[in-house]
Amino acid sequence: MNYDPEKGSPRLTIRQQIIALLSREQHSALGLSMALKIREKEVYDHLSHIRRSLTSQKKKLHVKPAQCLECLHVFEDRARLTTPGKCPRCKGTHIEDPKYRVI
Ligand SMILES: [Zn+2]
């Protein structure tokens, strides 16, 4: 754990809290935003940083890809962490959020 020396506080940072939550169970960005009382957009910023920083801790951010609930298309190769707005196959907009987990 690395604490911010500027603040000198032993409290967990938002990123450390996200890692702690995702180490216990999977969450969507919306779930994390509600649990931590931050905006969903901030969750994505933290997640992309976490994804890069975890490799040095021999952990990994696993993403259960988003899935279209209309034709069941899975967004396997999506590099971005956000939920796609629209399904490329059926043009449906009923899309299940990706879920994240730290292992
Ligand atoms: Zn679809």
* Asked: How many residues does segment 27-61 hold that are outside any helix (DSSP H, G or I), touching a strand residue (DSSP E or B) at 6+ places or on another chain (Cβ under 8 Å) and among the β-branched types (Val, Ile, Thr)?
  -> 0
* Asked: So which residues in segment 66-103 are part of a loop (DSSP other than H, G, I, E, B), touching a Lys or Arg at 6+ places or on another chain (Cβ under 8 Å), over 22 Å from Glu42 (Cβ atoms) and within 16 Å of the ligand (Cβ to nearest atom)?
  -> Cys71, His73, Gly92, Thr93
* Given (1) in contact with a Phe, Trp or Tyr (Cβ under 7 Å, 6 or more places away or on another chain); (2) free of Cβ contacts under 8 Å to residues at least 12 places away in the same chain, number of the condition Thr82 does not satisfy -> (2)
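Each row is one residue, and each column tells you yes or no for (1) exposed (fewer than 14 other Cβ atoms within 10 Å of the Cβ); (2) modelled with pLDDT of 95 or more; (3) hydroxyl-bearing (Ser, Thr, Tyr).
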site: Ser23; (1), (2), (3): yes, yes, yes
site: Ile38; (1), (2), (3): no, yes, no
site: Glu42; (1), (2), (3): no, yes, no
site: Gln57; (1), (2), (3): yes, no, no
site: Ala66; (1), (2), (3): no, yes, no
site: Lys99; (1), (2), (3): no, yes, no
* To do: Within segment 10-25, track down each residue that is among the basic types (Lys, Arg) and not in a helix (DSSP H, G or I).
  => Arg11
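The values are calculated or read from the model by the stated rules, or taken from the named source; none is laboratory data. None of the values given here were measured: they were computed from a predicted structure. As a convention, Cβ positions derive from the backbone with ideal geometry for all residues, glycine included, and neighbour counts pool all protein chains shown.
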